[in-house]
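Below: the structure, in structure tokens.
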Amino acid sequence: MQNMFITIDGGDGCGKSTQLKLLEKRLSDCGHNVVTCYDPGCTPLGERVREILLHGHELEIATRTEMFLFMAARSQLVEEIIRPALATGKTVLCDRFLLSTIVYQGIAGGVSVDEITEAGRIAVYGVMPDIGFVLDVPYEVSQQRLKISRDKADRMESKGETYHRKVREGFVSYATIEPNRYVIVDASQPVDVVATAIWTAVCNKTAN
Ligand code: TMP
């Protein structure tokens, strides 16, 4: 299997961290040298920006500004971690990427998706996932999972039901327009069923 850049996105509480770990293990077992990362974060700058974005409850952050902050963290992540890893034959597995900005700040937040795409093109140096998974779960299921896994909502999780319903719909509608890159997986299924669906899509991608 050749090296790849794989991303996993989805609404909060979709179960992507669990699936990321399972996919990392499967890829490693197949001989891949895997680098995992998450967006925003993983670089010293990205971690500071993440702190502002998720925990700066006291700050006034316009949605357009929020978009640029996510892009800045991502640009550094690509420069410092993703691009060098891909260039040395590693497979990169990233928890969220550009699609999250298109959906959270764009479709749900109201910033023009065309403008985000343009800013994204500049931020990521053309580094885009070979395959991007979208884990789709109903709003009610994600809320239940968040209640179990976290006791205090962060800045993004606190944006309310209408926003998060738009996020869910936005992921599915955007992923549907780019079927060669994005694969939607019903993540309300049991963990092992979701993991098998992801693995099958990865194998199919490399077979093509
Ligand atoms: P997470 O990495 O723990 O999922 O948290 C990141 C939060 O930030 C999550 O609520 C989704 C949100 N987010 C955006 O709003 N835009 C983005 O571009 C990214 C990467 C994340």
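Taking a ≥ b ≥ c as the square roots of the Cα gyration tensor eigenvalues, with a/c under 1.5 meaning rounded and otherwise prolate when a/b beats b/c, else oblate, which class fits the range 1-157? Judged from the Cα gyration tensor, the range 1-157 comes out oblate (a/c at least 1.5, b/c at or above a/b). Counting charges near THR36 (Lys, Arg +1; Asp, Glu -1) among other residues having Cβ under 14 Å from its Cβ returns a value of +3.
Go ahead and estimate [θ] at 222 nm for the chain from helices alone: -39,500 (n - 2.57) per DSSP H run with n ≥ 4, summed, over the residue count, rounded to 500. Let's see the in-between values first.
Working: 9 runs with 106 residues, N = 208.
That calculation yields -15500 deg cm²/dmol at 222 nm.
Other residues whose C-beta falls under 10 angstrom from the C-beta of VAL202 contribute a net charge of +1, scoring Lys and Arg +1 and Asp and Glu -1. What is the mean projected area of the alpha carbon convex hull for the range 1-70, to one decimal in square nanometres? Convex hull of Cα atoms, orientation-averaged projection: 6.0 nm². Over the chain, accessible surface divided per residue gives 49 Å², non-protein components excluded, 1.4 Å probe. Semi-axes, largest first, in whole Å: what does sqrt of 5 times each Cα gyration tensor eigenvalue give for the range 121-192? Semi-axes (√(5λ), whole Å): 25, 17, 12. Its residues counted as N, the range 39-129 yields a C-alpha radius of gyration over 2.2 N^0.38 Å of 1.06.
Restricting the range 157-197 to trypsin sites (Lys or Arg not before Pro) that sit in a DSSP loop and have at most 15 other Cβ atoms within 10 Å of their own Cβ leaves ARG181. Just to verify a number: FRET efficiency for GLU80 and GLU140, C-beta to C-beta distance, R0 = 30 Å, to 0.05? With R0 = 30 Å, the Cβ-Cβ based efficiency is 0.20.
Database note for the chain: Cys without another Cys beta carbon under 4.7 angstrom, CYS14, CYS30, CYS94, CYS203. Taking the chain as a Gaussian network of alpha-carbon nodes connected by springs under 10 Å, the highest mean-square fluctuation of the residues LEU135, LEU77, LEU45 belongs to LEU45. What a 1.4 Å probe finds exposed on the chain is 52% carbon and sulfur by accessible area, rounded to a whole percent. Can you tell me the FRET efficiency between GLU169 and THR88 if r is taken as the Cβ-Cβ distance and R0 is 30 Å, rounded to the nearest 0.05? The pair GLU169/THR88 has a calculated efficiency of 0.20.
Our note on the geometry: Cα centres of the range 182-197 and the range 1-62, 18 Å apart.
In this label model, GLU58 and MET128 are separated by 4.1 nm, measuring between points 7 Å along each Cα→Cβ vector.
At full extension, THR200 and ASP29 could sit 60.1 nm farther apart than now, given 0.36 nm per residue minus the alpha carbon distance.
The values are calculated or read from the model by the stated rules, or taken from the named source; none is laboratory data. Remember, it's a predicted structure, so these values are computed and weren't measured experimentally. Because the Cβ atoms are built from the backbone with ideal geometry, glycine has one as well, and the counts that use them run over all protein chains shown. For accessibility, only protein heavy atoms count, side chains too; no ligands or nucleic acids. Shrake-Rupley method; radii C 1.70, N 1.55, O 1.52, S 1.80 Å.
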